[in-house]
Amino acid sequence: MTEPMTSAALVGAEAIEEIPIGPEGSLWSDAWRLLRRRPIFIISSLLVILMVLIALFPGLFNFPGYNPRDCPLQDARLRPSAEHWFGTDLLGCDYYARVLYGTRVSIAIGIIVTTVATVVALIFGSIAGYYGGLVDTLIARATDVVFAIPLILGGILILSLVGQRGIMQVSAVLILLGWPTMLRLARSSVLAVKENDYVDAARALGASSFRIIRRHILPNALAPVIVYATITVGTIIAAEAALSFLGVGLQLPAISWGLMISVAQNRLRTDPHLLFFPGLFLSITVFAFILMGDALRDALDPKLR
Amino acid sequence: MDRIDPLDSYRPTLVKKETLLGRYLVRRILQFIPVFFVATAIIFLFVYLMPGDPIRALAGDRQMSPSTRQALRDRYDLDDPFHVQYVKYMGRLFTGDLGEDFRGQQVTEKLAAKLPVTMRLALMAFVFEVVIGILAGILAGVRKNGFMDNLVLASTLVVIAIPIFVLGFIAQYMLGVRLGVMPISYNPSRPTFSLLMPALVLGSVSLAYIARLTRTSLVENLRADYVRTATSKGLSRRRVVGIHTLRNSMIPVVTYLAIDLGALMGGAIITETIFNVPGIGREVYNAVRSQENAVVVGIVTFLVVVYMVANLVVDVLYAVLDPRIRYD
Amino acid sequence: MTAVDTYKKNTIGDRALDPSAPLLTVDDLHVEFRMDMGTVKAVNGLTYSLDRHETLAILGESGSGKSVNAQAVMGIIDTPPGYVTRGSVKFRGAELLDLPESQRRTVRGERIAMIFQDALTALNPVFSVGWQIAEMFRIHRGATKKEGFERAIGLMDRAKIPMARERVNSYPHEFSGGMRQRVMIAMALALDPDILIADEPTTALDVTVQAQIMQLLADLQQETGMGLILITHDLGVVAEVADNVVVMYAGREVETGEINQVYHDPTHPYTLGLMQSIPRPDVHTDRLNPIKGSPPDLMHIPSGCPFHPRCPYAREKCVIEEPSLHEVAPGRVSACHFWKEVRGDRA
């Protein structure tokens, strides 16, 4: 007696959790259709795009037109007003401009670190997951070691020893400490996909390992990695801010939200605006990325529908 | 007539539960040892072996007389060949010599003095995040898409998104300065109460993660086949959820708690700084500020070791919870 | 040990039980699932009954509604999205469907027990098998931990699990598939239920093990006199053990009767098609003989007789009018307008 593949509705009767297969039948196109309509995704991705634009072209958004580095001391510590939208900081610089320019550094570090870490994680994670055996053990052990060092602690340790701390140095350290989590995710994702029958089928048809990885395993293992990468951008931005706040991140004269907050911390009572605006922008940026990642995850994980 | 199932002979021979767990423990410890050595070696590498002047690494950019410089070199064996340096470094670690600051105070002394405060803070944060986090997660997961669920999801998202130091300042400002209900900094005469706000802030992000993780895990487990079996055994819903699914749901949460400790440590540094708590975290911050890098390295090394041991403990706890893991 | 329901109460909730009524009567059961994309009509007017000592096979392919019907009987359908929209389920004459949950719960495990297809996922992985079996006694009979374990060992013996005493503390993943299924059976029998529903109990098992499990179920039924419902898509598996069969299609029964008669003398095109599609080891043939077409979309069930798109006997009447159950012989019904033709044509 035949057990034919049935349409989603039929299968749905016996097991409600099954995936409804759309007309194109692909996970990504289904996800995109879902995402397009979800307000959370729309809002968060708009925010992300906004922040990226500000990072790329801060001048465009700097309507009042103050130079963030042009700081007449007599204008120090002014409250927000029509002239200085966010007030001025301790040195008299226009705070609005400074906060705007601070976006650059955060987004840059966030994206650089996440991209590099993801690429490394995907490459090595796939190799480890697919080949298994000794290669996997080596990579897993290496991951364990770096994993054993918490992000902020390790960041403090290494960066305090480095003299000049610019975007490159901070990014490098964050990449160094951040890839294990990504790699673990990529690896387990690959392992899960590897179990599928279509991999065996491809192998039986004579496909080379490289081709199998590239064509079959990667596209399917990609989904959770993409979700996590999006969220990671947010957490890296927060991490850089935290490190700068503690004094081991970027140094003056770099413009970073973390640095601004660090300077403002003792003046909570007297000049709260110094804390508020960079804090606001930081929170919104991190929030946007995390929200977007969340929406992506809901759309890409059929089980959670 | 009734043959024994032939596949039975291929099953692993019966091993007592305790032995299996014991063997798992041994395996974990054996895995721990190389990680420990490599991690400390990495720290060693960065401090002593990095290109550039290791004195700078240990003492920052401060000006020093040549004799101070030499004293420093002797103290940390910087004139020895690398492998000797490493051996001596490990020796120092095992004897508890974590370095000292420029006034000669041992790092271990500082640790001993400040540890109790940090421990209290961390414990309070931990209890707070575990209890409330798991509770919130359960309430959210049991009625998926209900009011509680959406509330928990939304609020945890906000908490996760706002970086901890911003959160800390908001709390300090709102509760301390504006409303005045909580002390804005540590008061030794009222240790627990004045640590309440820092503990809440410290635990907040973890709480958010724990709540979400519990919720997701619970939701997933509620759809599991064994729930259907348990229900058809005539068990009450409360028992099915409270005993059958909960045990399974806690497994990823326990895993998270291990990682969380690392975040807690990093967060403690920030929280102690904001709320002026005289704990280890603030020590690190002050050391960074004053370029007492030897102290930074010493304390961070200590914390990293603590983190690794804690992870080991959690790994074993995990095996107690989930019997399938004992074969790993 | 025989199943004695004299020490069990004669009521369910406040409803009296009628000892002369059949163990289970399902009448015109309708179950649907309301989803975003539409409503899936999983069960559409199913009627059958079960007596003591009787083994009933419910036969159908995926999506025929056979498992959903069992879940409706047990009352374990998730609502939402599942709803029992019509019909009745009676245990010894007492209606179950409109009972409040607290009373419905007293039926599960005590009176009607169910075992499932994949014992690995159906058993809780973090508790030992002994713990899970003993739970029945601890919760329902107030037994102590020790008593519960002793009873569990006894049940495992009854289910012919070797070395029960040594293995009572083992975990489900430490057993082979067949042994796990025996654990489930042991657990289901704990409280001497009157009815055991087995939902595809052997589908996940090897062929040799399948036979063992079927034999075990048959033996246990002999001992206890309980009613046994076997839900399956595999005709061969139930052939030896079942007394009667209900053939289901698109959520309704299409043919019911004594199993050998139905197999050898089908009166419905679907049953006939099933019989003809089974490859026979003694006949050499180049092609298999499947039923043409595919199972219906339960969100859009064809009008009239749901089988008509695939039926070689289909005529205009079949598209318009849904066939009622015709009695084709004493104790045999068929839902086909032209059952007489079908009967004449058997291959």
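Straight-line reach from residue A:194: which aspartates and glutamates have a Cα under 17 Å away, not including same-chain ones fewer than 8 places off?
Output for residue A:194: A:136.
Diagonalise the Cα gyration tensor of the protein assembly as shown and give the resulting equivalent ellipsoid semi-axes, square root of 5 times each eigenvalue, largest first, whole Å.
Details: eigenvalues 823, 201, 146 Å².
That gives 64, 32, 27 Å for the three semi-axes.
Hey, got the Cα dimensions of the stretch A:208-305 along the principal axes, in Å, largest first?
Cα spread of the stretch A:208-305 along its principal axes, largest to smallest: 64, 31, 15 Å.
Put a dot 7 Å past each Cα toward the Cβ at residue B:321 and residue C:292; how far apart are the dots in nm?
A separation of 5.8 nm, rounded to one decimal place.
Which three semi-axes in whole Å describe the equivalent ellipsoid of the stretch C:56-196, each the square root of 5 times a Cα gyration tensor eigenvalue, listed largest first?
Equivalent ellipsoid of the stretch C:56-196: 29, 18, 13 Å, largest first.
In whole Å, largest first, what are the principal axis extents of the Cα atoms in the stretch C:287-329?
Principal-axis extents of the Cα atoms in the stretch C:287-329, largest first: 34, 31, 18 Å.
Measure out, as a whole number of angstrom, how far apart the alpha-carbon centroids of the stretch C:228-265 and the stretch A:47-91 sit.
79 Å
List the residues of the stretch C:222-262 whose backbone N lies under 16 Å from a point placed 7 Å from the Cα of residue C:329 along the Cα-to-Cβ direction.
From the stretch C:222-262, the list is C:243-247, C:255-262.
With 32 Å as the limit, write out which pairs from C:41/C:317; C:66/C:317; B:114/B:144; B:144/B:233; B:233/C:292; B:144/C:160 have Cα-Cα distances beyond it, or answer none. Working shown, then result.
Values: C:41/C:317 23 Å; C:66/C:317 27 Å; B:114/B:144 44 Å; B:144/B:233 24 Å; B:233/C:292 41 Å; B:144/C:160 42 Å.
Where the Cα-Cα span goes over 32 Å, the pairs concerned are B:114/B:144; B:233/C:292; B:144/C:160.
Starting from the 7 Å offset along Cα-to-Cβ, what nm value, one decimal, do you get for the label separation of residue B:94 and residue B:179?
So the label points at residue B:94 and residue B:179 sit 5.3 nm apart.
Treating only the Cα positions of chain C as identical point scatterers, give the base-10 log of I(q)/I(0) from the Debye formula at each q in 0.13, 0.16 Å⁻¹.
Debye curve over Cα of chain C, log10 I(q)/I(0) at q = 0.13, 0.16 Å⁻¹: -1.04, -1.45.
Could you state, as a whole-number percent, how many of the C-alpha pairs of the stretch B:33-140 are farther apart than 21 Å?
Here the long-distance tail beyond 21 Å is 54 percent of all Cα pairs in the stretch B:33-140.
List every residue whose amide H lies under 5 Å from the amide H of residue C:115, counting only residues 5 or more places away in sequence or on a different chain, with H placed 1.01 Å from N in the peptide plane.
HN-HN under 5 Å from residue C:115: C:197, C:198, C:199.
Could you give each residue of the stretch C:176-181 its phi-based ³J(HN,Hα) in whole Hz, using Karplus coefficients 6.51, -1.76, 1.60 with θ = phi - 60°, and x for Gly or Pro?
3J(HN,Hα) across the stretch C:176-181, in whole Hz: 7, x, x, 5, 4, 5.
Calculate the tail of P(r) for the stretch A:135-181: the fraction of all Cα-Cα distances greater than 12 Å, expressed in %. Write out the running numbers ahead of the final one.
Numbers: 656 of 1081 pairs.
Value for the stretch A:135-181 (Cα pairs over 12 Å): 61 percent.
Need one value for A:282-291: mean number of C-beta atoms belonging to other chains within 10 Å of its residues' C-beta atoms.
4
How big, on average over all directions, is the shadow cast by the Cα convex hull of the stretch C:194-234, in nm²? Intermediate results must be reported in sequence, preceding the final value.
Values: hull surface 10.6 nm².
Averaged projected area of the stretch C:194-234's Cα convex hull equals 2.7 nm².
Long-range amide H contacts for residue C:58: which residues qualify at under 5 Å (H placed 1.01 Å from N, peptide plane, sequence gap of 5 or more or a different chain)?
Hits under the 5 Å cutoff: C:230, C:231, C:232, C:246.
Which parts of the stretch A:130-165 would a label at residue B:38 reach, counting a residue when its backbone N lies under 11 Å from a point 7 Å out along Cα-to-Cβ?
Correct set: A:137-148.
Sort B:260, C:234 so that the residue with the fewest other Cβ atoms within 10 Å of its own Cβ comes first and the one with the most comes last.
Sorted ascending by nearby Cβ count, the order is C:234, B:260.
When N is the residue count of the stretch A:30-167, what does its C-alpha Rg come to as a fraction of 2.2 N^0.38 Å?
Rg over 2.2 N^0.38 Å, computed on Cα atoms: 1.53.
Using only Cα atoms, what is the ratio of the radius of gyration of chain A to 2.2 N^0.38 Å?
1.22
Test of understanding: ordering A:209, C:324, C:128 by Cβ neighbours within 10 Å, fewest first, what list do you get?
Placing the least packed residue first, the sequence is C:324, A:209, C:128.
First select every other residue whose beta carbon is under 12 angstrom from the beta carbon of residue B:67; then total the charges, Lys and Arg +1, Asp and Glu -1. Walk me through the numbers on the way to the answer.
Values: positive: B:69, B:73; negative: B:74.
Value of the local net charge: +1.
Once you average over the residues of C:205-214, how many Cβ atoms of partner chains fall within 10 Å of each Cβ?
Working: counts 2, 3, 0, 4, 4, 0, 1, 5, 1, 0.
That average works out to 2.
Which value in nm describes the separation of the simple spin-label points at residue C:319 and residue C:258, placed 7 Å from the Cα toward the beta carbon?
4.0 nm
Taking the convex hull of the Cα atoms, report for the stretch A:51-124 its projected area averaged over all directions, in nm².
5.6 nm²
Can you tell me what share of the DSSP beta bridges in the protein assembly as shown is antiparallel? A percent to the nearest 5 is fine.
Antiparallel bridges: around 65 percent, rounded to the nearest 5.
Kindly rank B:225-235, B:105-115, A:62-72, A:155-165 from highest to lowest mean number of other beta carbons found within 10 Å of each residue.
B:225-235, A:155-165, B:105-115, A:62-72
Sorted from fewest to most neighbouring beta carbons within 10 Å, what does the list A:49, A:290, C:231 look like?
Listed from fewest to most nearby Cβ atoms, that is A:49, A:290, C:231.
How big is the shadow of the Cα convex hull of the stretch A:111-168, averaged over all directions, in nm²?
One quarter of the hull surface, i.e. the mean projection, equals 4.7 nm².
With r defined as the distance between the Cβ atoms of residue C:285 and residue A:56 and R0 fixed at 56 Å, what FRET efficiency is calculated, to the nearest 0.05?
Efficiency computed from Cβ-Cβ geometry: 0.20.
Do me a favour and compute the ellipsoid semi-axes for chain B from its Cα gyration tensor, root of five times each eigenvalue, largest one first, whole Å.
Square roots of five times the eigenvalues give 44, 31, 14 Å.
How high is the FRET efficiency between residue A:67 and residue A:164 when r is their beta carbon distance and R₀ equals 35 Å, given to the nearest 0.05?
So, using R0 = 35 Å, E works out to roughly 0.90.
Just checking the output field for B:234-244: average partner chain Cβ neighbours within 10 Å of each residue's Cβ?
Mean partner shielding for this stretch: 4.
No lab work stands behind these numbers, since they all come straight from the coordinates. Everything numeric in this text was worked out from a predicted model, so none of it was measured. Don't worry about glycine lacking a Cβ; one is built from the backbone with ideal geometry, like all the others, and counts go over all protein chains shown.
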